[in-house]
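A.B. asks: The structure that follows is given in the form of structure tokens.
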Amino acid sequence: MANPEKDTTTVQTVVAHEGAEASHEAHAESTDVKTEIKEFINHHLLDAHDFTFSANKETGKHYGFSLPIILWDNGIQFFMSSEFHHGPAEGVAEHNGNFYKLHHEKIYKTDASGTLTEEHGHPTNVRPIDFSITKSVVGILSVAILMFLLFAGLAKSYAKNGGIASGAGRFFEPIVIYVRDEIAIPNIGEKGYKKYMSYLLTIFFFILFLNLLGLTPLGFNVTGNIAITASLALLTYLITTFTANKNYWGHIFWMPGVPTPMKFILAPIELLGTIIKPFSLMIRLYANILAGHVVLMSIIGLMFIFKSWIGSSLSFGLAFALSILEILVAFLQAYIFTMLSALYFGAGNEEHHHEEAHH
């Protein structure tokens, strides 16, 4: 009677042990999938020194093309990003006796083995000045060429057809008129809006096309890069500053109708406001586009975590609905950036009101 009990206990122990191992393996597999999804999202949000259409995880092959690496390190160092895959060590490229390592899309100067000296989790190796043609630059150049061809064609069609658009220009002409009649004129005024129209049209279509490009499977994240949004906001700030009239600066440094002691308090606040306004432009565009990319890719990643037709179908449907919403956000963010820029230009060119002066 004792032997069967012993055998039963042993079998139960073995089954429990195997169940624990299976549960541990399933948990480890789930953790690995989550880690891969997180790494993929982080990789997408970063700029890249090569252009990859797809990659085969099993074979390790990447399908795409390399981009030019241009560094300033005791002179111009020029080579292709493919050298990082054929160097003396993994991720290390050799050029003119110098060794460079690509680490999280940043280039560091190293030895032949590619050793990185880290302090507090960050490499301390020398970083040469990087002028490389990255993936974001490819996107910017592509949009710039597209805009030039589209609007050059629109201008030619006006000249040929007596002011009537033809071809693709028929689609974009109403948008151009909308920017003029609903953004530029109401916020700047009919007297001075024309000198800002070229900039307003440029940033509207530039931001719009880059936002839409970021929704394609090509993996661009240009307007989700704070360096790009900071550059656009800086342009708005510089144009506002150098084209503003004396009435604008008078309201900042010596606000009319305010007691003199208060003017000394309000002047620094108003001056700080001229910097905060473009800063808000930068953060608004960057945060909205970045958040959209993160949420969309996270929902798509849920399909690989659920591994069931119900969960995956729901994730796909939600991702599809969010993609449609992101198209609306692409237009909305281009509109908001352009409208606020026009509002700042209008404030900088506001005429002096005699009623206010007498008051």
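The values are calculated or read from the model by the stated rules, or taken from the named source; none is laboratory data. This structure is a prediction, so every number in the text was calculated from the model and none was measured. Glycine gets a Cβ as well: all are built from the backbone with ideal geometry, and neighbour counts include every protein chain shown.
A.B. asks: Sort out which residues of segment 207-217 are in a loop (DSSP other than H, G, I, E, B) and touching a helix residue (DSSP H, G or I) at 6+ places or on another chain (Cβ under 8 Å), and write them in order of number.
C.D. replies: Within segment 207-217, the first condition is being in a loop (DSSP other than H, G, I, E, B), and the residues that meet it are 214-217.
Hits for segment 207-217 are GLY214, LEU215.
A.B. asks: Note down all Cβ pairs under 6 Å where the first residue falls in segment 187-201 and is assigned by TED's automatic domain parsing to the domain that holds ALA334 and farther than 15 Å from LEU238 by Cβ, the second is among the aliphatic types (A, V, I, L, M) and surrounded by fewer than 17 Cβ atoms within 10 Å (Cβ to Cβ), and they're at least six residues apart or on different chains.
C.D. replies: Filtered contacts from segment 187-201: ASN187/LEU343.
A.B. asks: Oh, and also: Out of ILE239, ILE228, which single residue is farther than 30 Å from HIS49 by Cα, in the same structural domain as TYR178 (by TED's automatic domain parsing), in contact (Cβ under 8 Å) with a residue 60 or more places away in the chain and surrounded by 14 or more Cβ atoms within 10 Å (Cβ to Cβ)?
C.D. replies: Only one candidate qualifies: ILE239.
A.B. asks: Filter segment 101-124 down to the residues that are more than 17 Å from PHE84 (Cα to Cα) and under 27 Å from the mean Cα position of the chain (by Cα), then identify the one that is modelled with the lowest pLDDT.
C.D. replies: Here the residue is GLY121.
Every residue, every condition in (1) under 17 Å from the mean Cα position of the chain (by Cα); (2) crowded, with 18+ Cβ neighbours inside 10 Å; (3) over 24 Å from LEU332 (Cβ atoms), yes or no:
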{"position": "ASN221", "(1), (2), (3)": "yes, yes, no"}
{"position": "ALA233", "(1), (2), (3)": "yes, yes, no"}
{"position": "ALA244", "(1), (2), (3)": "no, yes, yes"}
{"position": "PHE253", "(1), (2), (3)": "no, no, yes"}
{"position": "PHE264", "(1), (2), (3)": "no, no, yes"}
{"position": "GLY273", "(1), (2), (3)": "no, no, yes"}
{"position": "ILE300", "(1), (2), (3)": "no, yes, no"}
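A.B. asks: With in contact with a Gly (Cβ under 9 Å, 6 or more places away or on another chain), at pLDDT below 95 and not β-branched (Val, Ile, Thr) as the only criterion, which of PHE220, PHE172, PHE253 stands out?
C.D. replies: PHE220
A.B. asks: Let me ask you something else. Sort through TYR286, TYR237 and tell me the only one that's touching a Leu at 6+ places or on another chain (Cβ under 9 Å), among the aromatic types (Phe, Trp, Tyr) and assigned to a helix (DSSP H, G or I).
C.D. replies: After applying the criteria, what remains is TYR237.
A.B. asks: While we're looking at this one, here's another question. Among the aliphatic types (A, V, I, L, M) and within 21 Å of LEU201 (Cβ to Cβ): does that describe ILE265?
C.D. replies: When the stated conditions are applied, ILE265 does not pass them.
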